[in-house]
Amino acid sequence: MISRIILKRMVQRFKSFTPEFRLTSGIVAVIIVSFVLFTVTTYFGLSEDVFSLGTTVFGNGHVHKLITYSFHHKTVTQLLLSIGVLVPLCGGIEKSVGTVRFLLMFLLLSISTGVLYTILGLLLFGASAQNQVEGFIPVSLSLMGMATVHSRMVKGFLFGVTVPMLALPWLFLFIITLLVPHTVFLCNAIAIIAGGDLYPYSNLIVVQK
């Protein structure tokens, strides 16, 4: 009996130190789309960069990549890591705003981040830059950036530690950069800024306390 109580307390403490996982319908939808895109790309042997975002998007007229890069993954490992970031960061956001609004913001922030990264990357590195972006991570950080700017809470929690709410996306960016391979730091940083800057122009997202 005592061991069960101790185990229950350990589980509760562990939950309080980790982000909450909520597999909501909108997140399931984007995961399904990504899985289908990965299956089609693999089955037909398409180029790995056919849906990835790079600095040549506007020069080559491949504007469809401004949307497809968020759903595109080159490997199963990349897809699983991307899902591992999307679910804990965005599950609560979708529950707060609703599935339709969440999907609209997902697409809007995906395009906005893609446009800003393409322009800035072109100015900094030129058309020959090799950094290709794909996956849920940029738009997940962008949604989190918008949510933290909108929130009335001054402080949040990260693994049980109290931190300033506005610092949360940047702390997650640091953790993701260290733990997730082949992420593009510049694009992820732009994504957070884009999410925060788009907030004053959108009433689509309302995060509860």
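For the reader, a short list of remarks on this structure follows.
- Test: residue in the stretch 79-86 that is at pLDDT 90 or above, crowded, with 18+ Cβ neighbours inside 10 Å, under 24 Å from residue 127 (Cβ atoms) and under 16 Å from the mean Cα position of the chain (by Cα): no
- Candidate set from the stretch 138-177 (those that are of a type in the set (Val, Ile, Thr) and modelled with pLDDT under 90); member that is nearest to the chain's Cα centre (by Cα): 148
- Residues (in a helix (DSSP H, G or I) and at pLDDT 90 or above) located in the stretch 122-137: 137
- Screening the stretch 55-78 for residues that are surrounded by fewer than 17 Cβ atoms within 10 Å (Cβ to Cβ) and touching a Ser or Thr at 6+ places or on another chain (Cβ under 7 Å) and picking the one that is farthest from residue 126 (Cα to Cα) gives 67.
- Scanning the stretch 8-54 for residues that are modelled with pLDDT of 85 or more, surrounded by 11 or more Cβ atoms within 10 Å (Cβ to Cβ), among the polar types (S, T, N, Q) and part of a loop (DSSP other than H, G, I, E, B) gives 24, 52.
The values are calculated or read from the model by the stated rules, or taken from the named source; none is laboratory data. If you're wondering where the values come from, they're calculated on a predicted model, not measured in any experiment. Counting neighbours? That spans all protein chains shown, and the Cβs are built from the backbone with ideal geometry, glycine included.
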